[in-house]
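Structure first, commentary second.
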Amino acid sequence: MAIRLSACSSSSATFFAPSSFCHETETTLKRKNFGIWVCQNNSNFHENKRFELKASNVHPLKAVSLQAVGAPANSLATERVVNPVQEDCIPFLETVKEESTLSIVVVGASGDLARRKIFPALFALFNEDRLPENFTIFGYARSIMTDEELRNMISKTLTCRVDKRENCNEKMDAFLKRCFYQSGQYSSEEHFLELDNKLKGKETGRLSNRLFYLAIPPNMFVDVARCAKHRASSENGWTRVIVEKPFGRDTESSRELTRGLKQYLSEDQIFRIDHHLGEELVENLLVLRFSNLVFQPLWSRNYIRNVQLIFSEDFGAEGRGRYFDNYGIIRDIMQNHLLQILALFAMDTPVSLDAEDIRNEKVKVLRSVKPVQLEDVVIGQYKGDCDGNTSYPSYTDDMTVSNNSLTPTFAAATLFINNAQWDGVPFLMIAGKALHSKRTEIRVQFRHVPGNLYNHKSGTDLDNATNELVIRIQPDEAIYLKINNKVPGLGMRLDRSELNLLYKARYPREISDAYERLLIDAIEGERRLFIRSDELDAAWQVLTPLLKELEEKKVAPELYTYGSGGPVGVHYLAAQHNIRWGDFGYED
C-alpha cells in the first residue's frame, strides 16, 4: 500500500507545513532495511504548496510517497539514500513491519491422539523448519500437570526419524522448550481466560495467530468453541479450529454439531480433519488423474468396469471398545475415509486447484451417489481364534463392549454414482478390523478388450487378463498397472505383469506423516484436504438410511475369524454385480 501526500486546497482535512518536507523536490519515500528511506528529487516541486494525506483501506502501511499535485508523474531525476532524521524527509511516517507469532493449542493434550500423533507431527514440522520462527505450543486438558511433566510425556513419543539428522536431539530440546501446559475444564470460560493470559505472555504484543486442535470427543466441541471464541481468540490475527472425526452419528446429529460450531465460528475457521486425506498417495490421486493424458480418457464408465476401495486392519478394537461400539465400522471408516477417497477419485475436473473449486466438485459427486441399500451390504463381526500358543480375542471379549453387541467390525457395500460419467459402474467399498493384513488401497479394474485376439491364450477366465490399476495408499506406498505380456521364448505364452512405481525404491526419503501435511495446511490456511459442511452433509445422506435400517431391524453381523479374510458373504455380494473380488483384491 502507498500513502500519497499531494498538494491540496484549503478545504483539505489534513495540512502540513511546507518546511516539514524536502524543498523544491517531489519526494517518494521507500522503505529500505527497516531504517533507511530513498528520497527521489524533482525540480518541479513548489515550496508553497500544502499537502493532503491519502491512503488506501489496506493495512499495514508499507510505503509512503509525497507528490505535489500537478507535478508531472514521471519527472523523477535522481535518487539518493538519506537517513530519516535529515530534514529532507519525514521521520514520523516511518513504519516497522509487524512480526507475527503462532500459538498452537492442543485441547485434550493428555489424550492418546495428542501423544501419538499431534505432538510428534508438530515436532517433525519443527525439525523440517516448517513452523514459523515465533511459535508456541500449549497443551490444554483437565489433567493437572506442570510444563515439565507435559514435556516428559511428549518426549516419550518424539522420534528423530526425519532424515536421521545428527542434531535431532538438540532440535528436540529446543522444541520442548516451546511447549507449555494449562489445565482447565473444557466448558469453563474462566479457565480459557487464564489460557489467554498465558498466550499473550508468550506473544509479547506481536500480531498473534492462534490454532486450536480439538483432540477431544465431539460432544465437547461446541463448549470449547464457545470458550475459545469468547476468551481466547486472537485480537489482531486469525483464529482457526481443527476438529477431529466423528462429525456426528448421522445426518441430523452432524447438522446439529455444525449449527453449534457456527454459533461461534465461521465456516472458514473450521477445519474438519480426516487424516487419511493427508496420505501421500491420496494427495497424488489428483496429480495422477489430471496431469497424465494417458489416464484422462480412460477415467469413466466407458473403460472402467468396477472400482474397489479397501481399508483393512490386522488388529481389532482392543483399547477402543467403548468408542468403537458407539460408532461401528461404517461410521468410523466408510462415512469419512472411504467416501472422501471415492469423491476424489470420481469427481470431475475442477476449474482450478483452489480449495473451493475442488470441494465443489467433491460435493457434486457425493450428491450423485445413491443412498446405499441393505441388499447391497454385508456386515460382519470378528470372533476369537487360537493359533498355537497365541489366542486372539473376539470383539465382545472387550470388557467395555456388551456381550450381545451387534456393532459391525466389518462392512462391504456396493455404491453407484448417478451421473453420465459413472452410471452403472459399481464402487465396492470394504472396511474391516482383525483381518489378515493391514492395507488401504484403490483398485481399478478395466473392461475386457473387445474382440481380443489373444483370448484363446488367456483361458476361460477372462478376469485373469483384465488390466488393473492399483493405488496402494499404505503401507508400502505404490502405484502399479497390471498388463498382459508375452513370456520370452519361441512359443506364444502370455503372462500378467506389473508396471510398478514403488515409492520407497523411487523416493528413498521417508514419507511424511499425514498429520504433518494437514497441520501445515491448517497453519497456512490451505483448505483443499479439509471437509466443508455441505460436503459432510452430502456424505452422511449416502449412509444414514442404511444405518437406521440396520439399527431398527437389529441386523446381526456375520461372524468371521480373527485374522481371516472376513465374512464369506462378501463374495456373494461381489457375484451379484458379476465382479471377481478375489481375496479382497489381495491375490497378489
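The values are calculated or read from the model by the stated rules, or taken from the named source; none is laboratory data. The structure displayed is predicted, hence computed values, not measured ones. Cβ atoms come from the backbone with ideal geometry, glycine included; neighbour counts cover every protein chain shown. Ligands, DNA and RNA are stripped out before the accessible areas are found, and what is left, the full protein with its side chains, is counted by its heavy atoms. Shrake-Rupley method; radii C 1.70, N 1.55, O 1.52, S 1.80 Å.
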Original post:
Using a basic spin-label model with each label point 7 Å from the Cα along Cα→Cβ, how many nm lie between HIS230 and SER437?
Top reply: 5.4
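Which order do the peptides 558-566, 351-359 come out in when sorted by mean C-beta neighbours inside 10 angstrom, highest first?
Details: 558-566: 19.0, 351-359: 14.1.
Output ranking for 558-566, 351-359: 558-566, 351-359.
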Subject >> Potential extension, GLU524-GLU256 segment - 0.36 nm per residue separation minus Cα distance >> reply: 93.6 nm
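Tell me whether the range 279-378 comes out rounded, prolate or oblate; compute the Cα gyration tensor, take square roots of the eigenvalues as a ≥ b ≥ c, and use a/c under 1.5 as the rounded threshold. Let's see the in-between values first.
Working: a/c = 1.97, a/b = 1.77, b/c = 1.11.
In terms of gyration-tensor shape, prolate.
If you roll a 1.4 angstrom probe over the protein chains with everything in place, what fraction of the accessible area of the range 129-245 belongs to carbon and sulfur, to the nearest %? Could the numbers behind the result be given before it?
Values: 2490 of 5650 Å².
In the range 129-245, the share of accessible area belonging to carbon and sulfur is 44 percent.
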**OP:** Multiply the residue separation of LEU499 and VAL287 by 0.36 nm, subtract the distance between their alpha-carbon atoms, and state the gained length in nm to one decimal.
**Re:** 74.5 nm
Original post:
From the square roots a ≥ b ≥ c of the eigenvalues of the alpha-carbon gyration tensor of the range 376-443, which class results: rounded (a/c under 1.5), prolate (a/b over b/c), or oblate?
Top reply: prolate
Original post:
Name the residues of the range 98-135 whose amide N is less than 16 Å from a point 7 angstrom out from the Cα of GLU510 along the C-beta direction?
Top reply: 116-130
Subject >> Dipole axis of the range 360-517 (+1 Lys, Arg; -1 Asp, Glu on Cβ), positive-most option in LEU406, ALA434, CYS386 >> reply: ALA434
Original post:
Taking a ≥ b ≥ c as the square roots of the eigenvalues of the Cα gyration tensor of the range 252-330, is the shape rounded (a/c under 1.5), prolate (a/b larger than b/c) or oblate?
Top reply: oblate
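Just to confirm, what accessible area per residue do you get for the range 289-357 at 1.4 Å probe, in whole Å²? Let's see the in-between values first.
Details: 2690 Å² over 69 residues.
Per-residue accessible area for the range 289-357 comes out at 39 Å².
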Subject >> Using a Förster distance of 30 Å, the FRET efficiency for VAL294-SER352 (Cβ separation, nearest 0.05) >> reply: 0.85
**OP:** Average the reciprocal distances over every distinct pair of alpha-carbons in the range 402-557, invert the result, and give the Kirkwood radius in Å.
**Re:** 20.4
Original post:
In nm, to one decimal, how far is the ALA174 label point from the ASN404 one, both placed 7 Å along Cα→Cβ?
Top reply: 6.1
Subject >> Cα centroid separation, the range 321-336 to the range 524-548 (Å) >> reply: 15
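Nearest 0.05, what FRET efficiency do ASN326 and ILE144 give at R0 = 22 Å with Cβ-Cβ as r? Each step should come with its number before you reach the end.
Numbers: r = 28 Å, r/R0 = 1.27.
Result of the calculation: an efficiency of 0.20.
Using the heavy atoms of the protein chains and a 1.4 angstrom probe, tell me the accessible area per residue for the range 525-574 in square angstrom.
Numbers: 2080 Å² over 50 residues.
Using a 1.4 Å probe on heavy atoms only, each residue of the range 525-574 averages 42 Å².
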**OP:** Multiply the residue gap between GLU128 and ASN219 by 0.36 nm, knock off their C-alpha separation, and tell me the result in nm, one decimal place.
**Re:** 29.3 nm
**OP:** Express the carbon and sulfur contribution to the solvent-accessible surface of the range 300-415 as a percent, rounded to the nearest whole number, probe 1.4 angstrom.
**Re:** 46
Subject >> Mean-position separation - Cα centroids, the range 234-267 and the range 343-402, in angstrom >> reply: 22
Original post:
Within the set LYS364/LYS433; LYS433/LYS553; LYS383/LYS553; LYS245/LYS553; LYS370/LYS554; LYS362/LYS553, which residue pairs have Cα atoms separated by over 25 Å?
Top reply: LYS364/LYS433; LYS245/LYS553; LYS362/LYS553
